[in-house]
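Some notes on the structure that comes next.
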Amino acid sequence: MPSSPVGRETDRVDGRLKVTGAAEYSGDYRATDLAHAHLVTSTIARGTITRIETTAARAAPGVLRVYAAPESRLNLYPITGPLAGFVENYVPLKDTEVRFHGQAIAMVVAETPEQARDAAALVTVTYDTRPPRTSLADEPHEPAGPTLSGTPSSLEVLAPGVESIDAALAASDVVVKAEFHQHIQHHVAMEPHAILAVWNGDRVTIHAGAQVPAAFALGMSQRLGVLPQNVQLNTKYVGGAFGARVILWSDTPLPAAAARELGRPVRLVLTREQMFTLTGHRPQLTQTVRLGASRDGVLNAVSHQSVSERPTTVTFPMTPAHNTTDALYRTPNLRVHAELAVLDIPGSRAMRGPNEAPGSFALETAMDELAVATGIDPVELRLRNNATVHPVSGLPWSSKHLEECYRVGARRFGWSARSATPRARIDGQWLYGTGMATGIYPAHRRPASVRVRLLDDGTAVVSTGISDFGTGGATMVAVSGADALGIPLDRVTPEIGDSLLPQGAPAVGSSATHATVPQVVNAARDVIDELKRVAVTDDGSPWHGASADDLRYERGILHGLGRSMTFGRLLRAIGSPGITATAESPGAADPEYVHHSFGAHFCEVRVNRFTGETRVTRFTTVADVGRVINAKAARSQLVGGVIFGIGHALLEENHLELDTGRLANSTLADYLVPVNADVPDIDVVMLDRPDPILTGPLGDGGEDVGTRSLGARGLGEIGTVGSAAAIGNAVYNATGIRVRDVPITLDKLIEHL
Ligand code: MOS
């Protein structure tokens, strides 16, 4: 008798294909008569192209075409409708305007990738250059507009009789004010963005990495001027995304347009350096947090202001207090306010924990400063300010076990052994310290559509057009399908990553799991009803003429009236290859509740007394993420989130040259990401507390198969929210040095050591 795989350590269904190299990523697909594209990018940030000289490139060996701005042969069009606000707002190569340093301005197509690249190097360009707007501090600021949730990015809640947040702060016993800075950071997916386009008449098949397959295909159809149903996107295997593959970029349709014009399949693979300007970044950011509290650490006033960037082509409008400062702690007086400055720099994009990771760095560092100022233990300070209702809306949470996260984490980590005094632990050259911080991430509701097919061989296919960019999404679909149907995991085939499948949840905002699983459950329930219906209506069935109410489905078998039959055998008996049901939901939120995941991070660092070299030596993270679907993939997600936190805190920044608008360290030699040597063993605990208000009834197994919604919340981002602050707080505890400007590199420590 099979038992449910839910909550176990399940290997990825595609793991073997990935580690053996058998899984084909977008750049791996082949096509007959394939041609190869290479982009030429701008070397100024703002101005107009006065001349592009392509004679030498066109004469180079193997070259088929050189497309140079302004280009009319490609027949590309603006994107309109709901997508328009999310994509780069110009048609690539259409005009001679340069909007940022590193913009695509020409494309060479040749017989081989090397020939295309070599010819691209022969293209010369002259510009009429204007000074770029590059300074966050100096350019005018404007309000950030609505948050991702559609709420205002500026809001103020004041207790009765309080005139302003400044007055509330002034009336507080203890006030902490801290300003934080971070440069541009990047997604740095392992797989460079690549696209292969193959036309067949007026239909085109695209192989590319995408987080939202249906939106990607729709955007491509609009850019190419073809009907949406004529674009098929294959995005089965995706080598990382983290926000950079949420939407298509300006260059994305170029090879498809060239393939149409040339009558040959064309592939474009970006170089690693091009990835830094053509696929987005986490916006640079300045934040000011002010906390006012009583002497015993109870918050009276919280203010969080920010200034971020608005690139002209496409912007992720950073509102870092949203779902962090406006959701985490109880306070009678709260003000959050976000502003942006228009800059001539490459487009920005959401990046893992897009508001929450940067926002929590500021808030949770300031909370550590408040702990120091009041002499209260950082865990105790957070427990004293724990919110039992959402501080702005006053609504309860669907499920919240944050206090348990603190307690479990503190115990596992050995928090009580710490000294609150900085520089208290020295071992040879190394100063040791510990720090902690809170994580919070919203459980966004998203639409999702899932199809379940029961086949006559006794297996089931669960289909939904989600993208698994390394998250384990395909395995989540299989595990939840096996649970909903009550059959073994190896009899369930997940089918994902194709825009022609039922439209899946966007793999965005840690929401694919909690959007998908309830629809797997609903589709399974409906296909079981359909199985009963055919069992009583088909004259090949032994139950022909009976009532469906006489039948009971359990663990892949139909029982009733003294008989039992597997669904495979029944389908064979009635001569049906399979039966299907599809469930879909618009993903509306329950307005009576707010939905978040929570976490607590505990970290130990050592800092070299002479060089400032900082190493994370221990890390414990405890996450409250609802029911865990696959303990193995879930742990990987949380570990990955903490590794992002290590990069955020200690390594990652791309310097913007203010005079040229060039992103100066756009290579993996100069833009540092954590490698194995930077990452200790990370201790991950998941509380495994189901959230039925978010997903629907949990059921209790057995005949409830097809009704168990599991209560899982997505967990892609909760590991990264707060982890950078925990590291910075540990650096303070080790050294007595508070660095509010990430990454915390040794130059910022060494002069104070
Ligand atoms: Mo993500 S930053 O929600 O793709």
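Side notes on the structure shown:
- Residues of the stretch 80-124 satisfying the condition of being charged (D, E, K, R) and either touching a Pro at 6+ places or on another chain (Cβ under 6 Å) or within 26 Å of L262 (Cα to Cα) (or both): E88, K94, D95, E97, E111, E114, R117, D118
- Subset of the stretch 489-519 (residues that are of a type in the set (S, T, N, Q), away from the ligand (no atom under 15 Å from the Cβ) and either open to solvent by 20 Å² or more (accessible area, probe 1.4 Å) or not in a helix (DSSP H, G or I) (or both)): T493, S499, Q503
- Total residues in the stretch 605-635, condition open to solvent by less than 60 Å² (accessible area, probe 1.4 Å) and either among the charged types (D, E, K, R) or within 22 Å of V477 (Cα to Cα) (or both): 10
- Options T324, T365; residue that is closer than 20 Å to P283 by Cα, at pLDDT 95 or above, away from the ligand (no atom under 16 Å from the Cβ) and surrounded by 19 or more Cβ atoms within 10 Å (Cβ to Cβ): T365
- The conditions of being away from the ligand (no atom under 16 Å from the Cβ) and either without any contact (Cβ under 8 Å) to a residue 40 or more places away in the chain or open to solvent by less than 20 Å² (accessible area, probe 1.4 Å) (or both) are met by G414.
- Answer from R46, R12 - the residue that is over 30 Å from M686 (Cβ atoms) and either open to solvent by 40 Å² or more (accessible area, probe 1.4 Å) or assigned by TED's automatic domain parsing to the domain that holds V198 (or both): R46
- Residue-level analysis places D377 among those that are at pLDDT 95 or above, open to solvent by 20 Å² or more (accessible area, probe 1.4 Å) and away from the ligand (no atom under 16 Å from the Cβ).
- Segments classed as strands (runs of 3 or more DSSP E), wholly inside the stretch 99-203, with at least 1 members that are among the small types (G, A, S) and open to solvent by less than 60 Å² (accessible area, probe 1.4 Å): 104-110, 174-182, 194-200
- Options R525, R453, R552, R446: the member that is touching a residue at least 40 places away in the same chain (Cβ under 8 Å), under 29 Å from the mean Cα position of the chain (by Cα) and open to solvent by 30 Å² or more (accessible area, probe 1.4 Å): R446
A quick yes/no check of all residues on (1) touching a residue at least 60 places away in the same chain (Cβ under 8 Å); (2) in contact with an Asp or Glu (Cβ under 9 Å, 6 or more places away or on another chain); (3) assigned to a loop (DSSP other than H, G, I, E, B); (4) not hydroxyl-bearing (S, T, Y):
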site	(1), (2), (3), (4)
T582	yes, yes, no, no
F610	yes, no, yes, yes
T620	yes, yes, no, no
A623	yes, no, no, yes
L638	yes, no, no, yes
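- If you go through the stretch 216-245 and keep only what is within 16 Å of the ligand (Cβ to nearest atom) and either without any contact (Cβ under 8 Å) to a residue 60 or more places away in the chain or among the basic types (K, R) (or both), you end up with just R245.
The values are calculated or read from the model by the stated rules, or taken from the named source; none is laboratory data. What you are looking at is a predicted structure, and each value in this text was computed from that prediction instead of being measured. Neighbour counts run over all protein chains shown; Cβ positions are idealised from the backbone, glycine included. Heads up: the accessible areas ignore ligands, DNA and RNA and are worked out on the full protein's heavy atoms, side chains in. Shrake-Rupley method; radii C 1.70, N 1.55, O 1.52, S 1.80 Å.
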